[in-house]
Amino acid sequence: MRANVATAVAAKNMARRADRLLAGLEPVRRRDKVARIRLPEPAACGRTPLGTVALTKSYGDHRVLGGVDLAVDRGSRLVVLGPNGAGKTTLLRLLAGREAPDDGRVVHGHGLRIGYFAQEHDTLDGTDTVRGHLAAAAPHLTDGEVRRVLGAFLFTGDDAGKRVDVLSGGEKTRLALAGLVHSGANVLLLDEPTNHLDPASRAEVLTAVGTYPGAIVMVTHDEGALRALRPDRVLMLPDADEDLWSEEYLELVALA
Ligand code: ADP
């Protein structure tokens, strides 16, 4: 964990809390995570495909991120935690290049290929079809493979021909995730990917998160998503205001 913090004491407290959070996660047995479809190997990349140096962002007078240093190593799992308004979505948007920092920078490592999942599904083209979206996101898939992947993500029969803009929120999430994990991206940026999902959709999304072999940076409040991710690091936001962190909040997140 390398969040910039206001004081050394605050940093130590956060690290201790992060340790406690990770300790509360049960190890996941490998056989619980058998994917129905083999995911492709992510595109080759360097040891640290994505990072940030002193990333800083304000909206007006409100400093949302104050000098975040981050290294996302190949295949690593990072969870970003924090209360509403802490800057989690802003961080992911900066990492995805959707927004520019005021100061500092996002560093792209060799071979980086980002897959970004936004809560508002603005990465999906409403005029596309379900089949068309997946075929474009994962052009190496044959027609038969596209059908199988769609089936694995619970799209059956006529669903493949549906326009994206008629899909429910949960269906859009499933489609976006299907495209991302089969795209060959080597870093996925996932912003609350299990929000508003029915149980079956959630299970598919968690399986995808758990079996994806590339790096994942995920924002979530969902304990099941944390377990599926098995994060090796936790980034706590806000990074400069320890007081916003209550034990209750951490316990809620970790169910510790
Ligand atoms: P989180 O994802 O942790 O809930 P956000 O990154 O969405 O937090 O937002 C962090 C803060 O920045 C909030 O106070 C929010 O109101 C503000 N904010 C986010 N985007 C904008 C924007 N485009 N213009 C002004 N303020 C914004």
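The values are calculated or read from the model by the stated rules, or taken from the named source; none is laboratory data. Worth saying up front: this structure is predicted, and the values here are computed from it rather than measured. When we count neighbours, we look across all protein chains shown, and the Cβ atoms used for this are built from the backbone with ideal geometry, even at glycine. Side chains are part of the model used for accessible areas, which takes the heavy atoms of the whole protein and leaves out ligands, DNA and RNA. Shrake-Rupley method; radii C 1.70, N 1.55, O 1.52, S 1.80 Å.
Note on region 46-55: residues that are buried (at least 18 other Cβ atoms within 10 Å of the Cβ), in a strand (DSSP E or B) and more than 13 Å from the ligand (Cβ to nearest atom) amount to 3.
Quick grid of which residues meet (1) in contact (Cβ under 8 Å) with a residue 60 or more places away in the chain; (2) surrounded by 19 or more Cβ atoms within 10 Å (Cβ to Cβ):
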position	(1), (2)
Leu112	yes, yes
Asp122	no, no
Gly132	no, no
Thr142	no, no
Leu150	no, yes
Thr173	no, yes
Leu180	yes, yes
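Residue count for region 79-90 under the criterion of being surrounded by 20 or more Cβ atoms within 10 Å (Cβ to Cβ) and either away from the ligand (no atom under 15 Å from the Cβ) or within 13 Å of His221 (Cβ to Cβ) (or both): the result is 7.
Selection within region 101-110: residues that are within 11 Å of Val68 (Cα to Cα) and open to solvent by 60 Å² or more (accessible area, probe 1.4 Å). The member of this set that is farthest from the ligand (Cβ to nearest atom) is Arg105. Each residue in region 79-119 was checked for being under 22 Å from His196 (Cα atoms) and not charged (D, E, K, R), and 18 pass.
Of the candidates Arg98, Arg74, Arg93, the single residue that is closer than 27 Å to Glu223 by Cβ, open to solvent by 10 Å² or more (accessible area, probe 1.4 Å), more than 8 Å from the ligand (Cβ to nearest atom) and outside any strand (DSSP E or B) is Arg74. The set of residues in region 182-202 that are in contact with a helix residue (DSSP H, G or I) (Cβ under 8 Å, 6 or more places away or on another chain) and surrounded by 19 or more Cβ atoms within 10 Å (Cβ to Cβ) comprises His182, Ser183, Leu188, Leu189, Leu190, Asp191, Pro193, Thr194, Leu197, Ser201, Arg202.
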